[in-house]
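The values are calculated or read from the model by the stated rules, or taken from the named source; none is laboratory data. This one's a predicted model, so the numbers in the text were calculated from it and none came from an experiment. FYI the Cβ positions are ideal-geometry reconstructions off the backbone, even for glycines, and counts take in every protein chain you see.
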């Protein structure tokens, strides 16, 4: 009985924590992982504006998975905007990409992302 209560409390805590606004770092990481795992439809949850148009171009061209290692995500954030720099290793090369984010209804969304993704 005690174990069931502990599990219920942990699950409830996870739900409450998961419902809050994500950080720019989390949103950027989620987009990158969705794209590399061929989950372009899932990636729609993280984009707006120009980024949504670029994502649609990727989907129209055939979303393809690729192997990538995310080294770091560092964001410079002001009130409702953020620019995140991601260091990724692609095909043995380390590259930096910048993502612009905006806060919309207390949620961070990527508004612009690199064309050479």
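Structure notes:
- Screening residue 74 against (1) touching a strand residue (DSSP E or B) at 6+ places or on another chain (Cβ under 6 Å); (2) over 17 Å from residue 114 (Cβ atoms) leaves a single unmet condition, (2).
- Subset of segment 56-71 (residues that are surrounded by fewer than 11 Cβ atoms within 10 Å (Cβ to Cβ) and in contact (Cβ under 8 Å) with a residue 24 or more places away in the chain): 64, 67
- One residue from 51, 43 being over 20 Å from residue 106 (Cβ atoms), surrounded by 14 or more Cβ atoms within 10 Å (Cβ to Cβ) and modelled with pLDDT of 90 or more: 43
- Some residue of segment 15-31 being modelled with pLDDT under 95 and more than 23 Å from residue 74 (Cα to Cα): yes
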